[in-house]
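The structure appears right after this line, and notes come after that.
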Amino acid sequence: MTTTARPGENFVPRPGGPAGPPTASLEPHRRMGAIMRPALRRKRTREALTFYAFISPWLLGFIVFTAIPMIASLVLAFTNWDSFQPPVFIGFANFVKMFTDDPLFWQALAHTLYFTVVSVPLSLLIALGLAQLLSRPMRGARFFRTIVYIPALVPLVAGAMIFKWLFAPDSGPVNGFLALFGIKGPAWLLDPNWVIPGIILLSLWQVGAGTILLIAALQGVPPELYEAARIDGASRFQQFWRLSVPLVTPILFFNLITGMISAFQVFSQVYVLTDGTSGPDNASLMMVPYVYDSAFRNYNMGYASALAWVLFLIIMALSAIVLRSSRAWVFYETEVRQ
Amino acid sequence: MSATTTDPVRSKATRYAILTVVSAILIAPLVFMVSIALSSDRTSKQMSFSFFPTEFHLGNFVRAFTSDLPMGQFLINSILIVVFSCIGMVFSSAVVGYGFARIRAPFKGFLFMVLLSTMMIPAEVLLIPQFIIFRNLGWIDTLLPIIVPNFFANAYNVFLVRQFLTRIPSELDDAAMLDGLGHWGIFRRIAMPLMMPVLAAITIFTFTFNWGYFFGPLIYINTESKMPLALGIQILSATSSGAQTPPWNMVMVGALILIVPMVAVYHFGQKYLYETGLVSGSVGLK
């Protein structure tokens, strides 16, 4: 890691000058004792004020765009509010309705779980397989890596736009390809049973980002470990499964957590692929699209806030579970190396 | 090389075969996208696209901007959003990150924990009150709700700057301070030039996020002439009101215009991502 400043841009007041240890400037104060203490305190206060001036952009933004909205949405979750009339406090009614009297909520939750549980592990597996293939030195490795990574750079809207066409029931290439084998493809995005698999395929297309991280991790495995494993008679599969995989579990864990959190918040893909938030027979209605519908289609801001908070709590709970489980399966090198 | 013997995929030929098939599958959607973008208006109306390009109406890329479609306006709006967001995000993250890395103050540790914990809050929880705030400010149907929050830094970027600065020894700062330079002077004259790699990385992230940002514009912008490209092409593609077919070839031209800068930015910017230690390995886009 080098942190070279570019020549010319780097203004250095005294290049090469003796730079004392950080505490050097404080020494005289300390020696003079009680007399200088108020001065030191003033200096400290001034420094604290400088600190708050420096972080003020974030602090202000945090208060206005995060802290207040967070409290406001929690309060709103207990109201009925169309955003124009004053909100009406209704206690837990939003939550009661959600859990006992709103089939759409359960559908949205089930679809989101379905999408997450299938797409996240599947993309981890594919990323691991691709990374294993791409992490070895070979001719054309850079070319293949580029191809694998490019879809991950495609903005979701653009990706969804083309997948809509790939999945076109009659004229789309996917069904055209299936027809070559005599398979009559489904109507995909128009078929309640196939719309979510379609969305999953779009997310698998963008598997490159995770692959790149795993390639780096696999290349970081020390070759002498493989050497030792071979001498001990481990087969190639054993070397992969017992050595490579455990050593990259920290990256797998990172991909799992971030993948899960973003899968739970899927929106743009659904919106573009199904021209709206819900798909055929609400078959692709998911949590964030449902929040969006409640807030900006039905103007039920209170209910939408309640939905958002429930979603937040579910994400937190799932993350906590995965985090806890990680103690059992995530392997950190420092555990043995030190 | 001992590495080759550790591969469960035995032969080189198998590996090339698998990679070729996977690459073909991954690149196929983009081939089809180019094919649609290059097709004539007639083909587009009949929606009878072929997978591989058979027509080459390169003029579509010009016509997208010269016809009565608002594609040029979409592009201008996207550029406005990205430019101002990047300026705001880079400057605010640098200042805040410097504060957390180099200035002593009470409650700093606590505030840093608060900063980090904001990373866990999903956007939906804040969505509705933020919408109300922006509506009260009269900012609905402007680019402001998308641009302005970038001027207040964000947790991830502040964290990057702080980590970057704490890895640089502060001797220079102390020397400058003895020479009477205050924190602002040190920040401007010493820290900023040193931080260039991490600020470049933040520019890339901010660009990437805002260039394809769909959710924000969908909520805040209603007038077509104010939409950025990502929202604009979705609206164009959804205008199939009965008899009228969307101009699919133009939609795909727009989608390609959305993709190309992303690839270019990564291609030219990835070295900064390495320097910041964000990607420890080859991205392979050289």
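Annotation: amide H-H contacts under 5 Å for A:T79 (H modelled 1.01 Å from N, sequence separation of 5 or more, or interchain): A:I90.
If you take the Cα centroid of the range A:63-98 and the Cα centroid of the range A:221-294, the two points sit 34 Å apart. Highest mobility in the GNM of chain B, judged by mean-square fluctuation with C-alpha springs under 10 Å and restricted to B:N150, B:N222, B:N210, is found for B:N222. Here's the list of lysines a cross-link from B:K271 could span, going by alpha-carbon distance under 26 Å and ignoring same-chain residues fewer than 8 apart: B:K286. In whole Å, how far is the Cα centre of the range B:212-227 from that of the range A:156-213? The range B:212-227 and the range A:156-213 have Cα centres separated by 26 Å. Just tell me how shielded A:165-172 is by partners: mean number of partner chain Cβ atoms within 10 Å of each residue's Cβ, no decimals. Across the residues of A:165-172, the mean count of other-chain Cβ atoms within 10 Å is 3. The simple spin-label model puts a point 7 Å past each Cα toward its Cβ; for A:K184 and A:V245 those points are separated by 4.0 nm.
Based on a Kirkwood Rh over C-alpha pairs, give the Stokes-Einstein translational diffusion coefficient of the protein assembly as shown at 37 °C and viscosity 0.692 mPa s in µm²/s.
Rounded to a whole number, D works out at 121 µm²/s.
In a simple Cβ point-charge model (Lys, Arg +1; Asp, Glu -1; nothing else charged), the protein assembly as shown has a dipole of about 1940 debye relative to its Cα centre.
Specify whether the C-alpha gyration tensor of the range A:95-337 places it in the rounded, prolate or oblate class, a ≥ b ≥ c being the square roots of the eigenvalues: rounded for a/c under 1.5, otherwise prolate if a/b is larger than b/c and oblate if not. Oblate, since a/c reaches 1.5 and b/c is not below a/b. Looking at the range A:165-242, the chymotrypsin sites (Phe, Trp or Tyr not before Pro) that sit in a DSSP loop and have at most 14 other Cβ atoms within 10 Å of their own Cβ are A:F181.
Computed from backbone phi with θ = phi - 60° and the Karplus coefficients 6.51, -1.76 and 1.60, the 3J(HN,Hα) list for the range A:201-211 is 4, 4, 5, 5, 4, 9, 6, x, 4, x, 4 Hz; x is used for glycine and proline. Reported to the nearest whole Å, the Cα centre-to-centre distance from the range B:129-155 to the range B:180-196 is 30.
Between the residues A:V266, A:L124, A:G220, the greatest Cα displacement towards the positive end of the dipole of the protein assembly as shown, with unit charges on the Cβ of Lys, Arg, Asp and Glu, is found for A:G220. A Gaussian network model of chain B, with springs between Cα atoms under 10 Å, assigns the largest mean-square fluctuation among B:P70, B:P129, B:P149 to B:P129. For chain A, the mean residue ellipticity at 222 nm estimated from helices alone is -19500 deg cm²/dmol, where every DSSP H run of n ≥ 4 contributes -39500 (n - 2.57) and the total is divided by all residues, rounded to the nearest 500. For the range B:68-122, the set of chymotrypsin sites (Phe, Trp or Tyr not before Pro) satisfying both a DSSP loop assignment and a count of at most 12 other C-beta atoms within 10 Å is given as B:F107.
Shown here for the range A:54-102: chymotrypsin sites (Phe, Trp or Tyr not before Pro) in loop regions (DSSP other than H, G, I, E, B) with at most 15 other Cβ atoms within 10 Å, namely A:F84, A:F92. Loop exposure criterion: trypsin sites (Lys or Arg not before Pro), DSSP state outside H, G, I, E and B, at most 11 other Cβ atoms within 10 Å. Applied to chain A, the longest stretch between such sites is A:185-338. Taken one residue at a time, the phi angles of the range B:15-30 give Karplus couplings (6.51, -1.76, 1.60, θ = phi - 60°) of 4, 5, 4, 4, 5, 5, 4, 4, 4, 4, 5, 5, 8, 3, x, 6 Hz. Gly and Pro are set to x.
The lysines whose alpha-carbon is closer than 20 Å to the alpha-carbon of B:K45, local same-chain residues fewer than 8 away aside, are A:K164. Counting, for every residue in A:239-251, the Cβ atoms of other protein chains within 10 Å of its Cβ and taking the mean gives 1. Going by a ≥ b ≥ c, the root eigenvalues of the Cα gyration tensor, does chain B fall in the rounded group (a/c under 1.5), the prolate group (a/b larger than b/c) or the oblate group? Taking the square roots of the gyration eigenvalues as a ≥ b ≥ c, chain B is oblate.
At R0 = 56 Å, how high is the FRET efficiency between A:F99 and B:D179 if r is their beta carbon distance? Nearest 0.05 is fine.
0.30
Helix-only arithmetic for chain B: the sum of -39500 (n - 2.57) across DSSP H runs with n ≥ 4, divided by the residue total, places the mean residue ellipticity at 222 nm at -20000 deg cm²/dmol. Candidate cross-link partners of A:K184 among the aspartates and glutamates, defined by an alpha-carbon separation under 13 Å and a same-chain spacing of 8 or more, comprise A:D170.
From largest to smallest, what semi-axes in whole angstrom does the range B:2-63 give when each is the square root of 5 times an eigenvalue of its alpha carbon gyration tensor?
On the way: eigenvalues 317, 23, 10 Å².
Equivalent-ellipsoid dimensions as semi-axes: 40, 11, 7 Å.
Counting Cβ atoms of other protein chains within 10 Å of each Cβ in B:24-32 and taking the mean gives 6.
Each reported figure results from applying straightforward, stated rules to the coordinates on display, with no laboratory input. Note that the coordinates shown come from a computational prediction; the quantities given were computed from them, not determined experimentally. Backbone-built Cβ (ideal geometry, glycine too); neighbour counts: all protein chains shown.
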